[in-house]
1. If the requirement is being of a type in the set (A, V, I, L, M), surrounded by fewer than 19 Cβ atoms within 10 Å (Cβ to Cβ) and within 15 Å of Val194 (Cβ to Cβ), which of these qualifies: Leu97, Leu59, Leu103, Leu73?
2. Condition (residue is assigned to a loop (DSSP other than H, G, I, E, B) and farther than 20 Å from Ala64 by Cα) applied to the stretch 155-174: is it met by at least one residue?
3. In the stretch 152-174, what residues are in contact (Cβ under 8 Å) with a residue 24 or more places away in the chain, in contact with a strand residue (DSSP E or B) (Cβ under 8 Å, 6 or more places away or on another chain) and surrounded by fewer than 19 Cβ atoms within 10 Å (Cβ to Cβ)?
4. Identify, from the list Thr126, Thr149, the residue that is crowded, with 17+ Cβ neighbours inside 10 Å, under 17 Å from Thr7 (Cα atoms) and not assigned by TED's automatic domain parsing to the domain that holds Ser11.
5. Please verify whether Pro177 is touching a residue at least 24 places away in the same chain (Cβ under 8 Å), in contact with a helix residue (DSSP H, G or I) (Cβ under 8 Å, 6 or more places away or on another chain) and surrounded by fewer than 18 Cβ atoms within 10 Å (Cβ to Cβ), treating the condition exactly as stated.
6. Is it the case that some residue within the stretch 33-53 is among the hydrophobic types (A, V, I, L, M, F, W, C), in contact with a Leu (Cβ under 7 Å, 6 or more places away or on another chain) and either assigned by TED's automatic domain parsing to the domain that holds Pro162 or part of a strand (DSSP E or B) (or both)?
7. Kindly provide the set of residues from the stretch 180-207 that are of a type in the set (Ser, Thr, Tyr) and either on the phi > 0 side of the Ramachandran plot or surrounded by fewer than 13 Cβ atoms within 10 Å (Cβ to Cβ) (or both), ordered by number.
8. I'd like the full set of residues that are surrounded by 14 or more Cβ atoms within 10 Å (Cβ to Cβ), outside any loop (DSSP other than H, G, I, E, B) and either of a type outside the set (A, V, I, L, M, F, W, C) or out of contact with any helix residue (DSSP H, G or I) (no Cβ under 8 Å at 6 or more places or on another chain) (or both), limited to the stretch 136-145.
Amino acid sequence: MLLGLGTGRASEAFIRRLGEQVRRGLQIQGIATSERSEALARRENIPLVSFEQIERLDLAVDGADEVTPDLGLTKGLGGALLRERVVAYEAERFIILVTPEKLVEKLGSRAPIPIEVVPFAVPTVTRHLAALGGKPTVRKNADGFPFQTDNHNWILHTVFGPIDAPAALDADIRKIPGVVDNGLFLGMASAVLVGEPGGVRELTRQR
């Protein structure tokens, strides 16, 4: 089986559990969505491949920052949204792991929308996002310097508040020159697994 390995706390827990199964004989290969997840997978002795070696993934497993009833997602607070989207797009199924507090009625209700931007364009993209009603701030490391993605871009954490029309906002953001990707993942999740005290609840998209 070919697996996409996500980024963030939920994904790291999944990778560690997957490593246990690999040591017991499970035959899988993975593609990681970040250098951090790749390093963890290597420590867990999970065989890794690249898209130069394969064409499609059987399954991608990742976390999310928000999930709506129609399985719209906010992702990217882990700083890996672009690679997460590539891996999810190339997977036959895309499964999301969350805890109950991530469930919201509207995206933007509890988390900013991460927007990956070419550093040169940060000032202009900031102005355009403000014109769309957003309040963007540059994500920074603990040392005060801008956070850089594995692709050497910056991230603007942009607060929009609850978003009434996420598809329209997604389209408007993508029109801005210098934007590489944004954290609105719409119509991509196959299912969401919600870890609750009594067990795991599965959410599927209503057809």
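1. On the way: Leu97 fails: surrounded by fewer than 19 Cβ atoms within 10 Å (Cβ to Cβ); Leu59 fails: within 15 Å of Val194 (Cβ to Cβ); Leu73 fails: surrounded by fewer than 19 Cβ atoms within 10 Å (Cβ to Cβ).
Among Leu97, Leu59, Leu103, Leu73, only Leu103 is of a type in the set (A, V, I, L, M), surrounded by fewer than 19 Cβ atoms within 10 Å (Cβ to Cβ) and within 15 Å of Val194 (Cβ to Cβ).
2. The answer is no, given that none of the residues of the stretch 155-174 is assigned to a loop (DSSP other than H, G, I, E, B) and farther than 20 Å from Ala64 by Cα.
3. Val159 - this is the single residue of the stretch 152-174 that is in contact (Cβ under 8 Å) with a residue 24 or more places away in the chain, in contact with a strand residue (DSSP E or B) (Cβ under 8 Å, 6 or more places away or on another chain) and surrounded by fewer than 19 Cβ atoms within 10 Å (Cβ to Cβ).
4. One residue alone meets the criteria, Thr149.
5. Yes; evaluated as a whole, the condition is true for this residue.
6. No - not one qualifying residue is present in the stretch 33-53.
7. Hit for the stretch 180-207 is Thr204, nothing else.
8. Once the filter is applied, which keeps residues that are surrounded by 14 or more Cβ atoms within 10 Å (Cβ to Cβ), outside any loop (DSSP other than H, G, I, E, B) and either of a type outside the set (A, V, I, L, M, F, W, C) or out of contact with any helix residue (DSSP H, G or I) (no Cβ under 8 Å at 6 or more places or on another chain) (or both), the stretch 136-145 yields only Pro136.
The values are calculated or read from the model by the stated rules, or taken from the named source; none is laboratory data. Predicted model, so just to flag it, every value in this text is computed and none were measured. Glycine gets a Cβ as well: all are built from the backbone with ideal geometry, and neighbour counts include every protein chain shown.
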